[in-house]
Each structure stands twice: as C-alpha cells, then as structure tokens.
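Coordinate-derived values only; no laboratory data. Since this is a predicted model, take the numbers as computed values, not measurements. Don't worry about glycine lacking a Cβ; one is built from the backbone with ideal geometry, like all the others, and counts go over all protein chains shown.
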Amino acid sequence: MEIAKSIFYFVVAGLFEIGGGYLVWLWLREGKSFWFAVLGAVILFLYAIVPTFQPANFGRVYAAYGGVFIVLSILWGWKIDQIVPDRFDLLGGLIALAGVLVIMYWPRG
C-alpha cells in the first residue's frame, strides 16, 4: 500500500509540475493571458508541497522523481502536443522508470 501511495504522489507531483510549467509556457510563448501564468504559479506551488508526503528523504525522492518526470513528459507530449514517442523515447522512459524502482523501492538491508 505504501508503494501505491508513493506512486500516486509521484504522478500528482508530475502533473502539477508539467501542467503548471505548461501554463507559464503558454503565457510566455503563445501569448496567452497573464492569468495562465498566475494559475501556473499556483499549480507549481502545489507541486512543491506534494513530494513532502513521500515516505523517503528529500534527496532520494527528488532523484527518483526525475525518472517519473521523464516518463510523464513523454506522455504529456504525446497526448497534449500530439508528438508520438518513438522507440528511443520509450526505451529511455523505461530505463528512467527502472531507476525510479531501484532508488525508491529496492529493499535495503
């Protein structure tokens, strides 16, 4: 159950970080309303809170989160920007997820 909760927090944090950053991107790069930036900043602030619910220490959580972020970014690009991942994106994502599993969930003695 702890692992499922941890994975949930990783996914929520990733969606907040990517979503908040995307809103700021739309404001700066696509000329959207300033309110996109404000909402993006609020969501990015929430992103900063979510990892504190993880059961591991700060360094381990953020190291592992990098792998989750890679995979979520590939999925975001596929679904939001319509950029289909190629086999190298998928391979890199799998390697990153393997790193997450080792860093966060490998039994330690």
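What about Ala37, is it in a helix (DSSP H, G or I), surrounded by fewer than 18 Cβ atoms within 10 Å (Cβ to Cβ), without any contact (Cβ under 8 Å) to a residue 60 or more places away in the chain and more than 18 Å from the chain's Cα centre (by Cα)? Spelling it out, Ala37 is indeed in a helix (DSSP H, G or I), surrounded by fewer than 18 Cβ atoms within 10 Å (Cβ to Cβ), without any contact (Cβ under 8 Å) to a residue 60 or more places away in the chain and more than 18 Å from the chain's Cα centre (by Cα). Scan the stretch 43-64 for residues that are over 16 Å from the mean Cα position of the chain (by Cα) and either buried (at least 16 other Cβ atoms within 10 Å of the Cβ) or aliphatic (A, V, I, L, M) (or both) and the total you get is 1. In the stretch 86-108, which residue that is charged (D, E, K, R) and not in a helix (DSSP H, G or I) is farthest from Gly14 (Cα to Cα)? Of everything passing the filter in the stretch 86-108, Arg108 is farthest from Gly14 (Cα to Cα). Between Ile70, Ile83, which is more than 27 Å from Glu2 (Cβ to Cβ) and either in contact with a helix residue (DSSP H, G or I) (Cβ under 7 Å, 6 or more places away or on another chain) or in a helix (DSSP H, G or I) (or both)? Testing whether each residue is more than 27 Å from Glu2 (Cβ to Cβ) and either in contact with a helix residue (DSSP H, G or I) (Cβ under 7 Å, 6 or more places away or on another chain) or in a helix (DSSP H, G or I) (or both) leaves just Ile83. Residue check: Ala64 meets all listed conditions (1) farther than 21 Å from Ile7 by Cβ; (2) assigned to a helix (DSSP H, G or I); (3) small (Gly, Ala, Ser) but one, namely (1). In the stretch 23-30 there is no residue that is surrounded by 12 or more Cβ atoms within 10 Å (Cβ to Cβ), among the β-branched types (Val, Ile, Thr) and in contact (Cβ under 8 Å) with a residue 40 or more places away in the chain.
Across the stretch 5-18, not a single residue is classified as exposed (fewer than 14 other Cβ atoms within 10 Å of the Cβ), free of Cβ contacts under 8 Å to residues at least 40 places away in the same chain and outside any helix (DSSP H, G or I).
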